[in-house]
Every structure is written in structure tokens, then in C-alpha cells.
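Reading through the C-alpha cells given below for one structure.
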Amino acid sequence: MTGESTRAVHGPPPREVRQHPLVPPVYRTATFVFDSAEEAEEVFAGRQQGWSYSRTDNPTAQAFADAVAALEDPTLAAVGQPFASGMAAISSTLIALCSSGSHVVAPQEVYGGTWSLLTRQLARFGVTTSFVDATDLEAVAAAVRPETAVLWGEVLANPSMTVADLPGLAQIAHDAGIPFVVDATFASPVVCRPLEHGVDLVVHSATKYLGGHADVTGGVVVGAAALVDRVRTARVDLGGALAPDEAFLLTRGLATLPLRMRRQCETASTVAAALAKHPRVARVDHPSLPTHRDHQLAQSLFAPGLFGAVVTVTPHGGREAGLALVNGIGIIQRATSLGGTVSKAVHVPTTTHVSMDAGSLAAAGIDPAAVRVSIGLEDAQDLIEDLTQALDVFS
Ligand SMILES: *Cc1c(COP(=O)(O)O)cnc(C)c1O
């Protein structure tokens, strides 16, 4: 008979479950028990499949990454790795692919967190970056050097919704013998499957559309096993493991991703078309509009009729008009991020792009009035009325 404390810690063994649960369970455990010392040796050596420690691998986290890989690659050849956030995925990827002295080519419109990682962190370790106009393929090719280790891209850029010429950029990377990595967060695999257009690694902030409910932070990387294994090693060393509870919510979100994404994209196209006609609006950025510079490119790369669910609205009247639009909305919430059920809006120059001065904003084509609207699951007509009444208030 063991003592009370020992019985409290060990408990009786769990009851056997012979059936597969319909929903995979949350393996909320930091570590796993081996049948023998020899089994531990085999698993640690990688000679036998098994789980040892949840920072290295966890079944619930891996199930999420596997599910994203199946969406990105219907042939099921690609593999995925789960991360604690989009930035954990991006930092592990860049650290896996770069060494001191490496050079990166990235779009000048790159996501602010990626820009900060490259310029504030990796630069201190001898990694340099050229930020280029990624719509100018000659400029991209000219920026590639012998020491360039990665060509970075974004399927849809923030907030212009510029579409990356994936086949053209992939060609440049492969001519140089380097991997082409894209951040596909704004698109999701429902809108675009970059691996089918020559991309080597796809990175997502799962916090956005994949999770889809604005209640969890996560990330994922998908691609061929040889590259993804290198990224996994960086994740294990850096520690950006996805927690099992978060992974459970992300996998639950994935089940409705096609339904949500299609609806959000369709609503975004409807809202974009309505606002483009509004007299107080100077410009609307959404690739569904024939006036968007990448309308045709989007049609060649994206699922039919889907153009993403972020709409950037620039009212006439400069900064004050942009702030008034954000202050005037009622259904749409004043919040950053995207991809959730609730629509959100931010004034771009004072929030997501606040680190850019007036000159760099102008160079990037961002108007002082620009407002980024992330379309959620509300009725299109209610969102149009919300934005219209907010526009009408400013005069
Ligand atoms: C949000 C976002 C990220 C960062 O993701 P986190 O989950 O916040 O770390 C990276 N890229 C893009 C395009 C994003 O929108």
C-alpha cells in the first residue's frame, strides 16, 4: 500500500479507450512515458516513431499542422509544423534558412513583425535584407546576390492587397538556387495554394483565418519534408511550440475555414464594390475590383471568385477623414488583426504602420486617410450601412 501523497500524484491508471474518439483529444501533457529504457533510446534517436516531450512534438499540435498541410497540398505530399504564433513560425523559418552573412530579399510592403525581425533582430547576427518592390520582377532579380539565402514574399500584401506574382518570383528564386518562402496569412489555402505555383515553404499566422475566431494565437509552416524538418529543428531550439489547448481550438476552426473564408471573401467583394461608388471615398483597395492593379493576376492564382477578405478604404480628406471613419463605425469594431467572425477596422498610418514616417508611407502608396477593414461574418448590407453612415458623418 502506497502513501497518500504517492496515490494523489499517481492515481489509478486511465481506463482503456479502444475506439478512436471522433474528435482527437487534447494531449495536455508536457512529457510522455516509455515502456522501457530501450524504447526511450529508440525514440530519442529518431529510429522509432514516438512522443517524448511537448516542446519538441505534441500530437494535438502536430494534428493541427497536418490538417493545414492537407489543405495546402491535396496530394498530401507536403508536411506541416505547428508554432506558438505566426512570428514564431516566421522567426524559426528565417533562422533555419539563414546564417551570419546571409542576405534576404523581401517585399518593401512586408508585414511589420517580419520587417522588425529582419531589421532589429537578425541584422544584429549579420543577416542583411534588401526590401524591394516585389511587383517589379527585374528589381527582385537584381537584388539577389551570391549570399542571398531566401526570397521572401506575401501572397496578399497589407494594406494594399497587392498580389504576389508567385510563378514569376519562384522562377527568380530557383534560378538562384534558393528557396521561395511566402507568408500566405491574408489568403489562407481556400483562396490560394502557393505550393502549386512554385513556392517552397508556406507560412501562416493561424491567429487570423485558420483559427478564425480571434481567440487563439498560433502559426504553421508547410512544405516539403526536407525543408520543413530544418524549420522544425529551429522551432525546437527557439522554443516556439504550439500549446495543445491552442492547437485544439485551431483544428476546430479549420473545419469551417472553407465556409467562413468563402463567405468573408464574397462579403468583402460586395463591400468593396459598394464603397468604390461612394462620393466620399477616394480609393478602395481590393483585388475583386477591376481597378485594382492585380485583378487579373488574382484571377489566375486564386480560387474562382475569391479575392481575400481585407478591404482598404481611403476616404477623401486626409488623416482626419480616416480617423473619423474609424470613430464612426458601430458594428465593425475598432481593433487590429483580421480573419475573425467580427469585422474590424484600423486607421493604417496610426496603428499597423505607425513605425513608418510620412515619406515611407507615401513611397509605399499608403494614404494618410487609409483605413483597413477586415471583413467578418456579418451580413454584407449591415457592413455597407455601417461604413456609409460613418463616411457621411465627416464633412
Ligand atoms: C498577424 C500576421 C503575422 C504574425 O502573426 P502572429 O500570430 O501575430 O505572430 C504575420 N504575417 C501576417 C501577414 C500577419 O497578418
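The values are calculated or read from the model by the stated rules, or taken from the named source; none is laboratory data. Being a predicted model, the structure only gives us computed values, none of them experimental. All Cβ positions, even for glycine, are placed from backbone atoms using ideal geometry, and neighbour counts span all protein chains on display. What goes into the accessible areas is simple: the full protein's heavy atoms, side chains included, and nothing from ligands, DNA or RNA. Shrake-Rupley method; radii C 1.70, N 1.55, O 1.52, S 1.80 Å.
Structure above, values below:
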item	result
Single residue of the range 340-355 satisfying the filter (within 16 Å of the ligand (Cβ to nearest atom) and under 14 Å from PRO159 (Cα atoms)) that is surrounded by the fewest Cβ atoms within 10 Å (Cβ to Cβ)	VAL354
Residue within the range 261-270 that is within 26 Å of VAL199 (Cβ to Cβ), touching a strand residue (DSSP E or B) at 6+ places or on another chain (Cβ under 8 Å) and either outside the structural domain of PRO59 (by TED's automatic domain parsing) or among the polar types (S, T, N, Q) (or both) present	yes
Any chance LEU238 is within 16 Å of the ligand (Cβ to nearest atom) and open to solvent by 10 Å² or more (accessible area, probe 1.4 Å)	yes
Every residue from the range 185-223 that is assigned to a loop (DSSP other than H, G, I, E, B), within 13 Å of ALA69 (Cβ to Cβ) and within 12 Å of the ligand (Cβ to nearest atom)	ALA206, LEU210
Number of positions in the range 29-69 that are in a helix (DSSP H, G or I) and crowded, with 16+ Cβ neighbours inside 10 Å	13
Wholly within the range 79-184, strands (runs of 3 or more DSSP E) carrying at least 3 residues that are within 14 Å of the ligand (Cβ to nearest atom)	148-154, 180-183
Residue under evaluation HIS292, criteria (1) touching a Ser or Thr at 6+ places or on another chain (Cβ under 8 Å); (2) buried (at least 17 other Cβ atoms within 10 Å of the Cβ), criterion not met	(1)
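Residue-by-condition table, conditions (1) closer than 30 Å to PRO258 by Cβ; (2) of a type in the set (Gly, Ala, Ser):
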{"position": "ALA324", "(1), (2)": "no, yes"}
{"position": "GLY339", "(1), (2)": "yes, yes"}
{"position": "VAL348", "(1), (2)": "yes, no"}
{"position": "LEU377", "(1), (2)": "yes, no"}
{"position": "ALA380", "(1), (2)": "yes, yes"}
